[in-house]
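Please read the structure below before turning to the comments.
The values are calculated or read from the model by the stated rules, or taken from the named source; none is laboratory data. Computed from a predicted model, the values in this text were never measured in an experiment. Cβ sites come from the backbone with ideal geometry, for glycine too, and all protein chains shown count toward neighbours.
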Amino acid sequence: MNLSSKTSAMLSLLLTFLSCNAQIKNSKTESVKIYGNCEMCETTIENAGNLKKIARVDWNKETKMAILNFDSTETNQTEILKRIALAGYDSDEFLAPAEAYSKLPECCQYGRVNKTAIIKNEITQADTLNPVITSEKEQGENQLKAIFDNYFSLKDALVKSEQKSTSAIAKNLVSVIDEVKMDKLTSEEHKVWMTVLDNLKSNTATISTSSNIEKQRNAFMELSNNIYDLMKVSKQEVPIYYQNCPMYNDGKGANWLSRENSIKNPYYGSQMMTCGKTVETIK
């Protein structure tokens, strides 16, 4: 199909689509690319995105473009694409969970453009039937605050060189990470979350199970890099200080985050408490 034919097909589809969705109140229409192959994909994508009298999806297998028509007071593009991702289909905004993609029939397993690690998001039946719109700030704050709070407690325990306390806090952080609901994250947080989740779990598990504080500190170094990535895309209520110890890691240096501008080194504790400097302030 050439470009003009594709354009004509999309315009025709749009007109038909709008006429069929007059019953949707406060109607808003958007188009977005969703990856798939065939008629079976079309059925699955549309069924996953549709909500009676709230949202309707019409996907074109040739162009891979979907027209979304929805009640803007009840839902939005993000929520629709999340449901479609849970059904196994990638968009440019969200990647489907690997488990969902693997369950697609062979004819539906499209070539994945972005192969970044993906996470499974659970949307309850209540969420599906009664979508609620919140601002991006409200969505993200509640989900990541507990992670950040536990991270800072972990840092403080390492400053005091308290191995047992460090382990206990890390165990709690493991639970907090598992409780994060991806559908409540902002779009930017979601993208970063997908790339750091595996490392967050791995490093936190190492800290929680290790009886050696040096191993805990080494895992904390990697954990801090991922927490930094999350904090950069999450609105902070107070300034966060990104700090660096030039001595740790065989002189290669290591970073951490703190709510205090004063230096309290988690890698050496009382041995070199003030070794380091603030290299960035996150606001």
Reported set for region 49-68 where residues are surrounded by 20 or more Cβ atoms within 10 Å (Cβ to Cβ) and touching a Leu at 6+ places or on another chain (Cβ under 8 Å) is G49, L51, A55, R56, V57, D58, I67
Contact list, first residue from region 245-269 and closer than 19 Å to F152 by Cα, second anywhere and in a loop (DSSP other than H, G, I, E, B) and small (G, A, S), beta-carbon distance below 8 Å, six or more apart or interchain, is C245/G253; C245/G276; I263/G276; N265/G276; G269/S161
For region 232-276 the number of residues that are out of contact with any helix residue (DSSP H, G or I) (no Cβ under 7 Å at 6 or more places or on another chain) and either assigned to a helix (DSSP H, G or I) or not assigned by TED's automatic domain parsing to the domain that holds I147 (or both) is 4
Scanning region 235-270 for residues that are within 23 Å of A205 (Cβ to Cβ) and either among the acidic types (D, E) or out of contact with any Lys or Arg (no Cβ under 9 Å at 6 or more places or on another chain) (or both), the one surrounded by the fewest Cβ atoms within 10 Å (Cβ to Cβ) turns out to be N249
If you go through S258, S262, S234, S167, the only one that is over 19 Å from I147 (Cα atoms) and in contact with a Ser or Thr (Cβ under 9 Å, 6 or more places away or on another chain) is S262
Within region 75-104, the residues that are of a type in the set (D, E) and crowded, with 20+ Cβ neighbours inside 10 Å are E79, D90
Per the filter on region 207-227, residues over 14 Å from the mean Cα position of the chain (by Cα), assigned to a helix (DSSP H, G or I) and buried (at least 18 other Cβ atoms within 10 Å of the Cβ) are I207, S208, I213, Q216, R217, N218, A219, F220, M221, L223, S224
Next on the checklist: Against the definition (within 30 Å of F94 (Cβ to Cβ), crowded, with 16+ Cβ neighbours inside 10 Å and touching an Asp or Glu at 6+ places or on another chain (Cβ under 6 Å)), how does N203 come out, yes or no?
Outcome noted: yes
L154: aliphatic (A, V, I, L, M), surrounded by 15 or more Cβ atoms within 10 Å (Cβ to Cβ) and either modelled with pLDDT of 90 or more or over 14 Å from R217 (Cα atoms) (or both), yes or no? yes
